[in-house]
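The values are calculated or read from the model by the stated rules, or taken from the named source; none is laboratory data. None of these values were measured; they are calculated from a predicted model. With ideal geometry, Cβ positions are generated from the backbone for all residues, glycine too; neighbour counts draw on all protein chains shown. The area values use the complete protein model at the heavy-atom level, side chains included, leaving out ligands, DNA and RNA. Shrake-Rupley method; radii C 1.70, N 1.55, O 1.52, S 1.80 Å.
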Amino acid sequence: MADDSCGIRTLAIDIGGSGLKMIVLDGEGRPITERSRTRTPKNRTPDKVLAVLGEQIATQGEFDRISVGFPGIVVDGVVHQAVNLGPAWDGFNIVKALEDMAEKPVRVANDADVQGLGVIDGRGVELVITLGTGIGTALYVDGHSVPNLEFGHHPFSKDRTYEECLGNAAMKKAGKEKWNQRLKKAIKVWERVFNYRMLYLGGGNARKIEFELPNNVQIAPNIAGLLGGIALWRE
Ligand code: BGC
C-alpha cells in the first residue's frame, strides 16, 4: 500500500534549557536540512523563546507540520510545568501559540519522550534518561510509554533529586569526576528498579561519561531528540 506520508515534511524542534535545535525531516523521518542550533534566550519566557524560534523557523524552508520536544510536562498542548524554563510557562498553550505563529499543525511532547522515540527499538522494557540542563526520563514497554514520567525529580541522595545530583548545574558544581561517580551509582539503582532490557543515555552531557558502561546501556546520539519528532504523527 502506498504510504501517503512520504511527501510530508516535518519540522522537528527540540526546546532545551541551553539550546533551541531544529531540522526538517522527510516523510520517512530522514533529515533533509542542516540542523540549526541557537542559544535559548537568557530570559526564557514563552514570548522570548517563541520570538527566537520564529526567526529560526524562517531559515528552515518548506515544511507541512511541526513536532516539538519540550523540557517539561505537556498535556493536550498545555504546559503544566517546565522547571528549567520557569513558571511563566505554567498553563501556556504551546501548541496553539506555535500553530498561530507558523500556520501549520503542531504536536508537542516531553523532550525525553521524543528523544526515546528516536532511539528505542520497541522491544520489551526500554528506559531513556537524558543528561542535560535537567534530567529527562522516559520508560517504554514494547514501544509504548507512560507520557511525562518525571523520574528526574525523584529523590536520589540526601534528599536531593536525580536532577539536583546529575543535572548540568550539579556537574558544574561537583566537577566531572564526582558527577561520573554519581551517575555510575544511579545506573545501578535504575537497573535494579526498572529491570530494563536497554537503557539509553542521551542529552548533551552524555558525552562527558568517563566510565565503561554495562552491556545493556547505550549512548543515544544527540540527533535522536529531533529524529523522534516524526513519531508524534504516527498514531
Ligand atoms: C523536566 C523534564 C524534562 C527534563 C529534561 C526536567 O527538569 O521536569 O520534563 O524532560 O528536565 O529537559
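Assorted remarks:
- Residues that are of a type in the set (Asp, Glu) and outside any loop (DSSP other than H, G, I, E, B) were ranked within region 165-219; the one that is nearest to GLY116 (Cα to Cα) is GLU191.
- Residue within region 87-94 that is touching a His at 6+ places or on another chain (Cβ under 9 Å), surrounded by 15 or more Cβ atoms within 10 Å (Cβ to Cβ) and β-branched (Val, Ile, Thr) present: no
- In the set GLU163, GLU126, only one residue is within 13 Å of the ligand (Cβ to nearest atom), touching a residue at least 60 places away in the same chain (Cβ under 8 Å) and of a type in the set (Asp, Glu); that residue is GLU163.
- Within region 37-55, if we keep just the residues that are in contact with a helix residue (DSSP H, G or I) (Cβ under 8 Å, 6 or more places away or on another chain) and assigned to a helix (DSSP H, G or I), the residue that is surrounded by the fewest Cβ atoms within 10 Å (Cβ to Cβ) turns out to be GLY54.
- Number of positions in region 101-117 that are farther than 19 Å from ASN216 by Cβ, open to solvent by less than 30 Å² (accessible area, probe 1.4 Å) and within 16 Å of the ligand (Cβ to nearest atom): 5
- If you go through region 76-86 and pick out every residue that is within 25 Å of LEU25 (Cβ to Cβ) and open to solvent by 60 Å² or more (accessible area, probe 1.4 Å), you end up with 1.
- Enumeration of residues in region 134-147 that are open to solvent by 10 Å² or more (accessible area, probe 1.4 Å) and either away from the ligand (no atom under 13 Å from the Cβ) or modelled with pLDDT under 95 (or both): VAL141, ASP142, GLY143, HIS144, SER145, VAL146, PRO147
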